[in-house]
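Have a look at the structure below, then the notes.
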Amino acid sequence: MKSARNLSVFAGGFIAGIVALAFNFLIRLGGLAAFPPEAGLSAFLRVVPASIEEPMVQQLGDVAGELGLLIAILLAAAVYGVLAVAFDRLLSRRLLSRTGSVFESTLAFSLVPWLMFGLVLFPLVGDSWFGVSSDVASSSNVWLLPLTLLLVQAVFALVFSSRYSPLVSSLPALRSMVPPQAGRSRREFIEKGTVAALGLILGVIGLSSLVLASSSEIQPKGGSAPVDLQDAPAIFSDQRLEALVGSEVTPSASFYRVAIDFVDPNVDASSWSLKVGGLVNTPKSYTLEQVQGLPQATQYTTLECVSNVVNGNLISNAKWTGFRISDLLQDVGGLQSGAAYVVFYSVDGYSVAVPVAKAMMQDSMLAYNMNDLPLPVSHGYPLRGLIPGLYGMMSAKWVKEVQVVGADYEGYWQTRGWTNQATINTETFITTPAYGSQVSLSGNNNAPLVAGYAFAGDRGVTKVELSFDGGKSWQEAELKNPISNITWALWAYEWHPQKGDYTIWARATDGTGQTQTPNVTQTFPNGATGYPEVSVTVVD
């Protein structure tokens, strides 16, 4: 009977914990509270070697983060269940005899998880007491975080008391310890109503903030460069390539996204500032309006994630507007002697550094617009870095500080084993035909098209070749002039095959004359290499 009771109490605490965590997550989305499972999972991922994490991410894809967070939530709910059993076994009789109210007892017990999460878990994972140094904290809400965390535990108490009450009423020994008190029902109604009202208010505020943040992501596509086919090979006017040519500039909503956060930081532009310091002659702090007043630069830049597999989709191209990093560093009086790296710090705790020479290049910039509109939240609003020639992890989002330092600096991913050089490998991507598809000869006038894009960072692409016989022979595709020297280049080839099964290979040659390597390597730690392969069946 005792074990059955413990299990029942644990289940009650677990369920109450799930409800409390759901409420906690809602107000976290609104920027009103830190979320313990998120903090715990982030800390865990910081100590897991990337050589272990990356294969799991490649296997699970976008589900990996959600699965990890779900597991963290279930573990946190289990902690609530254990605390409920401890309360039942160690504290319930004493509290019941003193307060005479199950709700008051469990409300008092809400202080236990409040103190545990606030004074133990958050400091343990590096977010300081009550999460006041987490990425959700800001100067305007830091005082609120301990209070919202307490309200979360009150929600737990409210739900748990309703689960716990039948247990009390079923045991005469405990029921007899609850003295009758006039007005207790009314008082409990007021207490529960107060907690529920406060929870509802915060929940509505959190949901409203989430809706506003989400609505800011729904923007017109905008920013598409006029598709100039006047000087392009005639093949790019073929209607079968309309989708490829039309996607030369990626709409903001379709641009790939990779971040260390489970929920994107929602930065208040009115209180945001960019601090520039370190080995500069005149350290400064800028408001958003002031950085937008720096000499403006606009360019098209292709970004690719270092985790992109061969022929993967973690690559996109957009139009960016902002200012050159060299102009920013000139505005702070230039660099002092010994300057070696420029370090970018983000509001979510991310950091990364690039060599001074790379930061000072003409195309390296900090952007506040994407495709002619303010940066979407998911792409770094209000300011993000763009370092052409290097994988996307070197282009920090949600930048809040720039520091010039005199020694090598390893950022968030580099401390976990990823490359600190991050030079983009020469790559080719086959988008047409699709892998495993049937290619119809009659439907293509006996001349189906093979097409895609190639990318070599800031080295440019001079040639793309295709092989249909396992590399024994190579056929040169036609290239469309890229929008800029730091964007991908579209290519296409008119194919005249016979019926049968084929595996198509592709390779590119960059602007230095180096041809893409056939050697197959995984994404960790320097980015994937190898030829893309697409198997198709040619039919009548």
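The numbers here are math on the coordinates, done by the rules we state, and not lab data. The structure presented is a predicted model; accordingly, all values stated were derived computationally and were not measured. Here Cβ is always computed from backbone atoms with ideal geometry, including for glycine, and neighbour counts include all displayed protein chains.
Subtracting the Cα-Cα distance from 0.36 nm times the residue separation, let me have the gained length for THR537 to THR515 in nm, one decimal.
Full extension from THR537 to THR515 adds 5.1 nm.
Which FRET efficiency value, to the nearest 0.05, is calculated for GLN239 and SER285 with the Förster distance at 51 angstrom and r the Cβ-Cβ distance?
In this case the efficiency is close to 0.45.
Against the globular-protein guess of 2.2 N^0.38 Å, express the Cα radius of gyration of the range 427-539 as a ratio, rounded to two decimals. Each step should come with its number before you reach the end.
Numbers: Rg = 14.3 Å, N = 113, 2.2 N^0.38 = 13.3 Å.
Against the compact-globule rule of thumb, the ratio is 1.08.
I need to check one value: relative contact order of the range 253-416, counting alpha carbon pairs closer than 8 Å and at least 6 residues apart, in percent.
Answer for the range 253-416 is 28 percent.
Can you list the residues of the range 511-540 with backbone N under 12 Å from a point 7 Å past the Cα of ASN444, pointing along Cα to Cβ?
535-540
Compute the separation of the alpha-carbon centres of the range 324-347 and the range 265-321 and state it in Å as a whole number.
Using only Cα atoms, the two centres lie 13 Å from each other.
Are any of the pairs LYS397/LYS463; LYS275/LYS397; LYS358/LYS397 more than 25 Å apart by Cα-Cα distance, and if so, which?
The pairs that break the limit, which is 25 Å between Cα atoms, are LYS397/LYS463.
Using the basic label-point model (7 angstrom from Cα toward the beta carbon), what is the THR298 to ASP268 distance in nanometres?
Result: 3.3 nm between the two label points.
For the range 444-501, which trypsin sites (Lys or Arg not before Pro) are both in a DSSP coil and crowded by at most 14 other Cβ atoms within 10 Å? Walk me through the numbers on the way to the answer.
Details: sites: ARG459, LYS463, LYS472, LYS480, LYS499; in loops: ARG459, LYS472, LYS480, LYS499.
When the trypsin sites (Lys or Arg not before Pro) of the range 444-501 are filtered for loop state and at most 14 Cβ neighbours within 10 Å, LYS472, LYS499 remain.
Can you tell me the order of 491-497, 329-335 when each peptide is scored by its average per-residue count of other Cβ atoms within 10 angstrom, highest first? Don't skip to the end; give the middle numbers.
Values: 491-497: 19.6, 329-335: 16.9.
Per-residue mean Cβ counts within 10 Å order the peptides as 491-497, 329-335.
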